[in-house]
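Engineer: Sending over a structure as structure tokens; questions will come in a sec.
The values are calculated or read from the model by the stated rules, or taken from the named source; none is laboratory data. This structure is a prediction, so every number in the text was calculated from the model and none was measured. As a convention, Cβ positions derive from the backbone with ideal geometry for all residues, glycine included, and neighbour counts pool all protein chains shown.
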Amino acid sequence: MSTSPSFRTPEECRSLIEGSGISIAEWARENRFSCGLVYQVLEGKRRCLRGQSHKIAVALGLKAGQLIDVQTLSQMLSRLQQEEETM
């Protein structure tokens, strides 16, 4: 039996951040995110498919995903391609 991952709701994220004694804007600055974009993600105004909104949603625990920069992802894809070519 597999268990599905548990994600937070935007309301849970707000409560967690504010309950820790910091503002959402401060959390955004500490994590090098746009304050306005964090608010948009929490308000459901962004789909969070790619870019910074995706990274925010993953960091908040709103969705599954990995926080990988473009260069690292490119290196991983290049290695996979090289492995396929040697098979």
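Engineer: Given the options Val58, Val41, name the one that is at pLDDT 95 or above and among the β-branched types (Val, Ile, Thr).
Structural biologist: Val41
Residue-by-condition table, conditions (1) in a loop (DSSP other than H, G, I, E, B); (2) modelled with pLDDT of 95 or more:
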| residue | (1), (2) |
| --- | --- |
| Arg8 | yes, no |
| Trp27 | no, yes |
| Arg47 | yes, no |
| Ala64 | yes, no |
| Leu67 | yes, no |
| Gln71 | no, no |
| Glu85 | no, no |
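Engineer: Which ones in the stretch 1-53 are of a type outside the set (Gly, Ala, Ser), over 18 Å from Lys63 (Cα atoms) and loosely packed, with under 11 Cβ neighbours inside 10 Å?
Structural biologist: Met1, Glu30, Arg32 - these are the residues of the stretch 1-53 that are of a type outside the set (Gly, Ala, Ser), over 18 Å from Lys63 (Cα atoms) and loosely packed, with under 11 Cβ neighbours inside 10 Å.
Engineer: Right, another one. How many residues are in a helix (DSSP H, G or I) and under 14 Å from Leu16 (Cβ atoms) when one looks only at the stretch 31-40?
Structural biologist: Qualifying residue count for the region: 1.
Engineer: Consider Glu18 carefully, then state whether it is modelled with pLDDT under 95 and either among the basic types (Lys, Arg) or part of a helix (DSSP H, G or I) (or both).
Structural biologist: Answer is yes for this residue.
Engineer: I would also like to ask the following. Can you tell me how many residues within the stretch 49-62 are free of Cβ contacts under 8 Å to residues at least 40 places away in the same chain, part of a loop (DSSP other than H, G, I, E, B) and hydrophobic (A, V, I, L, M, F, W, C)?
Structural biologist: Of the residues in that region, 1 qualify.
Engineer: Look through Gln52, Gln82, Gln75 and report the one residue that is in contact with a Leu (Cβ under 7 Å, 6 or more places away or on another chain) and not charged (D, E, K, R).
Structural biologist: Answer to the selection: Gln52.
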